[in-house]
Amino acid sequence: MSSIVNISGYKFITLVNPIALRPRLRNMCLKLGIKGTILVSPEGINMVLAAERASLDKFIAYIRSDERFADMTFKESTSDNQPFNRMLVRLKKEIIAFDFLFDPAKDQGKYIQPKTLKSWLDEGRDVVLLDTRNDYEVEIGTFKNALTPTMKSFKDFKKVVADLNPEMKKKTIVTFCTGGVRCEKAAPYMEQQGFKDVYQIEGGILKYFEDCGGDHWDGECFVFDQRVSLDPALHQGDLLLCYQCRHPLTTEDQKHPRYIENVSCPYCAQTHTTKEDLLTTPC
């Protein structure tokens, strides 16, 4: 039986003195035995945390006791083991780097609930599903027939939007990402660039899995912890991370001649041809 609860949540809100939050949040997490990462910035807060349920329930009650975060919601999954090694609370310029002047009070986009999106897709409605995640995330899984532009980081999204066919400005577009935080900027940015009908999935892919399972989805979903990926039932997937380059590895990747456990993988061993070559290459 899974004993560790994993939660993720964010809130875009103007924080006048974000540095003051750092020690409070860190001390509370350490006191409760919680591990994970919290990002604090002038534009809000973003967190992924894991612990036993009682500890997380106390933490959620604590953060919601601050009226600025009283309505903060969290997505949840479980795991057999703690997926984080330590507890980090980091100060950042942005909780999601994009270099986009974003006012959460004014620039909030339109949301679509996962079940509503599923009904649209069931009906075959003319809608463009736009994946806003990085290449290595998309490789693991995405919505069927989604538009998956090439991106090494979310900052590439501006170029992606600039390169889209102008005719798409008339289309209904639904952006999506893991938990929704990237789309909080992606959807309003597209609207600023003249796209007329842009939605973002409320709660992202993980909320879609929670409400709708794997309907209209292919593969798994990359997550930023040691579980690597979750399937549509929100169970840990079969992927590993390469020890050297941190690229997610499928079962097939793990069978590749260039894969050596805790050494390298097909994505970072391009100059080698066999496991024997890797083992005999000088450091």
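The values are calculated or read from the model by the stated rules, or taken from the named source; none is laboratory data. None of these values were measured; they are calculated from a predicted model. A quick note on method: Cβ atoms are made from the backbone with ideal geometry, for glycine too, and the neighbour counts reach across all protein chains shown.
Scan segment 121-166 for residues that are of a type in the set (A, V, I, L, M, F, W, C) and touching a residue at least 40 places away in the same chain (Cβ under 8 Å) and the total you get is 9.
LEU121 falls short on exactly one of the conditions (1) over 14 Å from CYS183 (Cβ atoms); (2) part of a loop (DSSP other than H, G, I, E, B), and that condition is (2). For the residues ASP66, ASP107, the requirement of being more than 30 Å from THR250 (Cβ to Cβ) and within 21 Å of the chain's Cα centre (by Cα) singles out ASP107. Checked against (1) under 18 Å from ARG26 (Cα atoms); (2) assigned to a helix (DSSP H, G or I), ARG90 passes all but a single condition, namely (2). Scanning segment 194-252 for residues that are polar (S, T, N, Q), within 28 Å of PRO266 (Cβ to Cβ) and either assigned to a loop (DSSP other than H, G, I, E, B) or assigned by TED's automatic domain parsing to the domain that holds ASP131 (or both) yields a count of 3.
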